[in-house]
Amino acid sequence: MKRLPVLVLLAVSVVAGCAGNQETSTTVEAPTTTNVAPISSTPGTTAVAGTANSQPETTTTTSGSTTTTSTSTTSPTLCPQPVELAEGTLIFAGGSGDLDGDGLSDELFTYQAGENDWRVRVTFADGGGADAGIAQSDDLTPPRPIGGFDVDGDGAEEAFLTVGAGASTTLVGLFDISACVVQRITTGGVAAVFSVGASLGAESGLICPGDGTLRRNFAQRVDQDSFEGGYEEFSVDGTNLIPIETVSGLLTSAEAAQLATLDCGGLTLP
Ligand SMILES: [Ca+2]
Ligand SMILES: [Ca+2]
């Protein structure tokens, strides 16, 4: 009967010993769990930074393409600036017309580049210009600007200049301005020249009907009261005049005198 308390004491001590061991092992595992947490959170932060970097790249691409578009819009309209004229150059100014068809009036003048060397120059309203030599019909009369008239109806006026003179006539030449280049208008491979005025026994003139054609008026006296005359009609093909037809007949002196005129819009001889 006295052995029972001893067994109870042994059982209590065994249970108490086991409980002490469990507390020790729990304390060791705790730091292991704590170490895992920082490792997994670091890659997450990296992923967010990558997403933020891709947004500025898209913005840069958009602004770059916008700059390219605005640059290509402005470049084709400007012609180069011609060489500045030397001080004291003899200039005949006062001509104007919309010679490049942009709706703005451009300046037209002639100048002497050397002995018997005359040139025509266009200064465009939006900057730049164009320049070309003038094949004169005589060396005594300096070429002068008359102005612009759109002969072929393409929206840009052709330039009219005087290119010489007769006893009582003025010689007129036409120039086409396209892509920053001034070119003489020709017919049959030579520079076209139109005589305007009256001389002994002859009348001559230039008419622009406004339908894409030009008319060279002519009349020659056949007796004291009558002339033989009419007009030669041309169509305009680029810088070339192509003869279409010649219409002529007997005219009175008064009818013939009416042919001796420049009738192209509001152009008047200088
Ligand atoms: Ca213009
Ligand atoms: Ca034209």
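The values are calculated or read from the model by the stated rules, or taken from the named source; none is laboratory data. Quantities reported herein were computed from a predicted structural model and do not represent experimental measurements. Here the Cβ positions follow ideal geometry from the backbone for every residue, glycine too, while neighbour counts run over all protein chains shown.
Within region 87-110, if we keep just the residues that are surrounded by fewer than 17 Cβ atoms within 10 Å (Cβ to Cβ) and of a type in the set (Asp, Glu), the residue that is nearest to ligand 2 (Cβ to nearest atom) turns out to be Asp102. Per the conditions (1) within 16 Å of ligand 2 (Cβ to nearest atom); (2) in contact (Cβ under 8 Å) with a residue 60 or more places away in the chain; (3) more than 18 Å from Leu108 (Cβ to Cβ); (4) of a type in the set (Gly, Ala, Ser), the sole criterion not satisfied by Gly197 is (1).
The C-beta contact set for region 102-115 (first residue within 20 Å of Gly153 (Cα to Cα), second residue of a type in the set (Asp, Glu) and more than 16 Å from ligand 2 (Cβ to nearest atom), distance under 7 angstrom, 6+ apart or interchain) comprises Asp102/Asp126; Leu104/Asp126.
Here Gly147 passes the criteria (1) free of Cβ contacts under 8 Å to residues at least 40 places away in the same chain; (2) part of a strand (DSSP E or B); (3) under 32 Å from the mean Cα position of the chain (by Cα) except the one numbered (1). Scanning region 125-144 for residues that are farther than 15 Å from Phe175 by Cα and under 28 Å from the mean Cα position of the chain (by Cα) yields Ala125, Asp126, Gly127, Gly128.
Condition check ((1) modelled with pLDDT under 95; (2) crowded, with 23+ Cβ neighbours inside 10 Å; (3) within 16 Å of ligand 1 (Cβ to nearest atom); (4) in a strand (DSSP E or B)) across all residues:
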| site | (1), (2), (3), (4) |
| --- | --- |
| Gln112 | no, no, no, yes |
| Val122 | no, yes, yes, yes |
| Ala135 | yes, no, no, no |
| Asp138 | yes, no, no, no |
| Thr162 | no, yes, no, yes |
| Ala167 | yes, no, no, no |
| Ile177 | no, yes, yes, yes |
| Ser204 | no, yes, no, yes |
| Ala219 | no, yes, no, yes |
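Please tell me if Asp237 is at pLDDT below 95 and of a type outside the set (Phe, Trp, Tyr). Spelling it out, Asp237 is indeed at pLDDT below 95 and of a type outside the set (Phe, Trp, Tyr). A single member of Asp176, Asp225 is under 27 Å from Asp106 (Cα atoms) and among the charged types (D, E, K, R), and it is Asp176.
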